[in-house]
Amino acid sequence: GAETCDMRAAAAAAAAAAAAALVVSTRGSILRFIRRRTATVKLIYFNLAGLGEPIRLCLAQAGVAFEDYRFKSRDEFLATKPTLRFGQVPCLVVNGDEMVQSAAIMRYIGSTFDASLYPASDARLAALIDALIDQAKDMKTGLDVAKYKERFGFPLDVLNDENAEKVFKKWRSETLPRHLEYFVKALDMSPTQWLAGTRTPTIADFFVAAVIKMLRHRDSAFPASIETFVSAVYGLPAVVAFQQRELFAELSAKAVKGPVEFASKEPKHVPQVTVKGGQVTISVPHGMAEDHLIEYIWAKDQNGHVVAAAKLGCTDSPTLTFPLPKGTTSITAYEQCNLHAVWASPVVNIE
């Protein structure tokens with residue numbers, strides 16, 4: 001009867017709508033895949049983590065190859081500043097188009113290259129992601145104002161160093177813990193390990209984790225769930241691989257200066273290399289303290305390629321162990337002391 005016809009028509013309309021949605025979704029996925037493979041992308045920032053960090057991590061997670069350009073000096077930045085929109089970085093250049101402001105850049109990365117990072121088609125979820133990023137910005141506003149003073153309109157006779165220290169103390173004791181608790185609650189409410197409750201991380205996770213990691217240098221006591229969250233973000237395979245490539249590139253360019261500048265320090269700085277059972281162990285007979293430590297240990301093969309590396313802290317042992325890469329015929333070990341430059345071991349030939 002008529003009712004049956006109506007039901008069939010409704011079912012057909014629903015099926016057609018679903019098919020159309022699938023076509024649109026598939027088309028969007030294909031377009032983003034093509035963009036990831038063909039876009040020319042360049043990130044311009046300082047040679048530090050800062051607000052460039054979450055952008056780098058988002059690009060890495062999205063699988064976008066990019067030039068990670070870092071100013072070689074403050075003078076280079078000041079010379080470039082007049083040409084930048086709003087006179088600031090980070091600045092992302094995609095196929096010649098420039099974008100600024102970190103949150104806007106990350107939204108663009110998600111919308112253009114990987115919708116899972118920023119599902120713009122889901123207005124409610126996109127709003128939650130934006131809110132989490134804004135909350136992280138609020139968390140560090142007081143710190144930024146006290147640090148940069150005049151940039152935020154505070155003359156030095158109003159916000160002098162003494163007053164700024166009072167701001168720092170109040171921020172550390174009251175403001176930071178209050179804001180961290182907001183993120184603890186967000187994690188408690190999430191059915192997944194990510195802040196917005198998504199199956200995979202979004203730009204909010206990368207931004208919040210990068211900000212918290214930056215703030216951890218100032219305060220060591222963070223809630224356990226926050227520490228777990230940050231570790232999850234920085235433990236993502238794409239992030240680990242990117243940071244390893246970044247570290248290898250940085251260390252590959254370092255020059256050995258220790259023996260020339262600090263000859264008397266040689267006994268405690270020359271790396272020692274042991275190769276046994278397919279494992280390479282590099283150790284440095286040096287103490288590890290906050291003000292005097294081995295910052296990096298790395299190894300190069302016979303072609304001068306970095307094959308293993310570690311960034312160390314004062315609580316780490318100055319050692320590096322790694323499997324001998326196939327085809328390696330020699331290993332040279334290097335270390336960088338924060339006070340006494342870079343040192344190298346003799347070349348160790350592999351039999």
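The values are calculated or read from the model by the stated rules, or taken from the named source; none is laboratory data. Keep in mind the model is a prediction, meaning the values are calculated, not measured. Ideal geometry is used to build each Cβ from the backbone, glycine not excepted, and the neighbour counts take in all protein chains shown. With ligands, DNA and RNA removed, areas are computed over all heavy atoms of the protein, side chains included. Shrake-Rupley method; radii C 1.70, N 1.55, O 1.52, S 1.80 Å.
For the peptides 102-109, 61-68, the ranking by packing is 102-109, 61-68, with the highest mean count of neighbouring Cβ atoms within 10 Å listed first.
The share of alpha-carbon pairs in the chain lying farther apart than 28 Å comes to 58%. Among all the aspartates and glutamates, which ones have a C-alpha under 14 Å from residue 265's C-alpha, if same-chain residues fewer than 8 places away are not counted? Within reach: 335.
With r defined as the distance between the Cβ atoms of residue 100 and residue 262 and R0 fixed at 41 Å, what FRET efficiency is calculated, to the nearest 0.05?
Rounded to the nearest 0.05, the efficiency is 0.45.
Looking at segment 220-351, the accessible area is 53 square angstrom per residue; that uses a 1.4 Å probe and ignores ligands, DNA and RNA.
Compactness ratio for segment 123-240: Cα radius of gyration over 2.2 N^0.38 Å (N = residue count) comes to 1.17.
Close amide-amide hydrogen proximity is noted between residue 192 and 197, each under 5 Å apart and 5 or more residues distant or on a separate chain (H modeled in the peptide plane; Pro and chain starts excluded).
Tell me whether segment 18-113 comes out rounded, prolate or oblate; compute the Cα gyration tensor, take square roots of the eigenvalues as a ≥ b ≥ c, and use a/c under 1.5 as the rounded threshold.
Since a/c reaches 1.5 and a/b is larger than b/c, the shape of segment 18-113 is classed as prolate.
Multiplying the residue separation of residue 157 and residue 116 by 0.36 nm and removing their Cα-Cα distance gives an extension gain of 10.0 nm. When each of the peptides 208-216, 157-165, 46-54 is scored by the mean number of other C-beta atoms lying within 10 Å of its residues, the order from highest to lowest reads 208-216, 46-54, 157-165. Could you work out what % of the accessible surface of segment 18-113 is carbon and sulfur, using a 1.4 angstrom probe and leaving DNA, RNA and ligands out of the count? Of all accessible area on segment 18-113, carbon and sulfur atoms account for 57 percent. Averaged per residue, segment 134-191 has 64 square angstrom of accessible surface, using a 1.4 angstrom probe with ligands and nucleic acids left out.
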